[in-house]
1. Gain in length, GLU162 to HIS328, computed as 0.36 nm per residue apart minus the alpha-carbon separation, to one decimal in nm?
2. Can you compute the modelled spin-label distance between ARG221 and GLN371, with each label point 7 Å from Cα toward Cβ, in nm?
3. Which of GLY223, GLY321, GLY156 ends up with the largest GNM mean-square fluctuation for the chain, with Cα atoms connected below 10 Å?
4. For the chain, which cysteines have no second Cys with its Cβ under 4.7 Å from theirs?
5. Taking R0 as 30 Å, what FRET efficiency do you get between ALA45 and ASN409 from their Cβ-Cβ distance, rounded to the nearest 0.05?
6. Computed FRET efficiency, Cβ-Cβ of ASP123 and ARG58, R0 22 Å: what is it to the nearest 0.05?
7. Give me the net charge of ALA181's neighbourhood, meaning all other residues with Cβ under 13 Å from the Cβ of ALA181; Lys, Arg count +1, Asp, Glu -1.
8. Could you compute the FRET efficiency for ARG298 and GLU130, with r as their C-beta to C-beta distance and R0 at 45 Å, rounded to 0.05?
Amino acid sequence: MTASPPAGGAVPWPARPQVPSAHALYLHLPFCARKCAYCDFASWATRDDDPLVVAYVRALRAQLADLEGLGVLGSVTTAYVGGGTPTLVGARLLGELVADVRRRCSRLTELTCEANPDSLGDDMLEALAESGATRVSIGVQSLSDRELVSLGRIHGAREACERVSAAVESGLDVSCDLMCAIPHQTEASWRESLAGVLGCGVGHVSVYPLAIEDKTALARRLGGTDPAWNDPDVQASRMAQAALILSGAGLTRYEVASYARPGKQCAHNRAYWTGVPYLGLGTGAASMLTREGYLHLRTCCPQLPDPPAGAVRVRLTVRTGRRGLARHPSLAGLSCDLEFLSEREALAEDLMLGARLSSGIAPELVRSAEQTMGERWRQALRDALRKGLVANACGGALAPTERGWLLGNELYGLLWGLARA
C-alpha cells in the first residue's frame, strides 16, 4: 500500500477505484466538557479525571501501532484529530497522541487538531506545536455571548478572541468554525463574528448554517417547530454575507463552506471531496477505502466480510463504543457498519462531492460520467445547467454556481441520483 496521489491530493478518474492505500487519517476523541444543544456527533460529557479518557487514547495508540506494522499508514499525508473536544484530554495526553501519529505517518505534510477555546490554554498550544501538529481548528461558532449561550457553548466571546489570537501567535496555522442561522443572530451580529475572527489574523474560516438534528436538546426545545431564524432564506442570506466579507478580506472560497488565505487551504478537507481514500479510528469514525485497500485491512480485521462482486469502494463506520474500544483495543474486535459501492455509485458520489469545490467537477470525472452513464448523465447535466446550478469552466470542468451552492441539496441530489442504474 504505497501508491501516492498526485500533487494537490486529487486522484483522477478512472484511477480512483484502483488506489490501494489510505492517504488521510482521522482519529476521533469523543469527550466533551458538556454536550452542545445542537450536537448529534458521537460525543459525551466527560469529567477531566475520568480514567476512560486515558484508556481510550491508549487504545487508539495501540491501533496506530498495529496499522503501522501492517503498512497501512505509509502513504498518509494528512491527519486530523477531531471530536468531541480533543483538547479536553489535556496537553500531555493529546501531545503524546499527536507525536505518535507524526512518528508513525512519516509522510505527513499536515496534522490538524480540533479545539474549543475553553480548553486551549498556552500549555496546550505549546504541546501541539512541539508534538508536530501544524494546524488547529477552533470551534468558535459565534462572538455573541447571547448566541453562544443559546447553543450550549461554555466559552464566551472574549475568551474565544483571546484564545484564537494566542493560537495565531503560536505559529500554528489557525482555522475558525462559525455557525449561522442560529438563535438570536442578526445580520449585524453575524458581521461582527466574521470581522472578529478575521481581526485575530486567522488564515482559514469555515461557515455553516445550523442544522437542527433530531433527538438533540435543541430539537426537543423547539418541539418540532421551524424557527424563523433558521429559515432557508436566512441561511442563504447569511452564507452570501459571509462570502462577501471573507472574500473582501482576502480569503478565497475553495469549498462550499470553507475560505482560506493563499497556501492555507485544509488538505484534509480536500481529501474528503476529491475521492482520496481515508481511514478513521475511534468510535463513530468513518473510513472510505477502495476494494484493494479494504482487502488489505481485512488481514488485521478478519471479522470484516468479503466484499461483494462488483464493489469498488467500501465505507466503514466504527460502531464499537468508547468503553468497549478502551477495554478491547484490538482491531480484530471492532464492530463496523459497512456500505459497499459499485463503480457507478462511486462515480456518482464523486460527482456530488466535486460539486462542493470551487474548482468543480474535474474534466476527467465529467468524461467518465459521459462514458459510464450516457444519456442519464446528459439529462442530469442539462437539468443542472438549465436551473443555473453549474456552469461550464476551463478545460471541460463543471463548476458550481453561487445558486448551486445555495441550493446544494438540489444539486447534490441530482448527481447522487445517477447512482441508480
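1. On the way: separation 166, 0.36 × 166 = 59.76 nm, distance 4.00 nm.
Residue separation times 0.36 nm, minus the Cα-Cα distance, leaves 55.8 nm.
2. 5.2
3. The residue with the greatest mean-square fluctuation here is GLY223.
4. Lone cysteines by the Cβ rule: CYS32, CYS105, CYS113, CYS161, CYS176, CYS180, CYS200, CYS266, CYS300, CYS301, CYS336, CYS394.
5. Values: r = 32 Å, r/R0 = 1.06.
Working from the Cβ atoms, E equals 0.40.
6. Details: r = 21 Å, r/R0 = 0.96.
That gives a FRET efficiency of 0.55.
7. On the way: positive: ARG238; negative: GLU147, GLU187, ASP226, ASP231, ASP233.
It works out to a net charge of -4.
8. On the way: r = 37 Å, r/R0 = 0.82.
Approximately 0.75, to the nearest 0.05.
Read the figures in this text as sums done on the coordinates, not as results from a lab. Treat the numbers as computed from the prediction; the structure is a model and nothing was measured. Every residue, glycine as well, gets a Cβ built from its backbone with ideal geometry; the counts of neighbours run over all protein chains shown.
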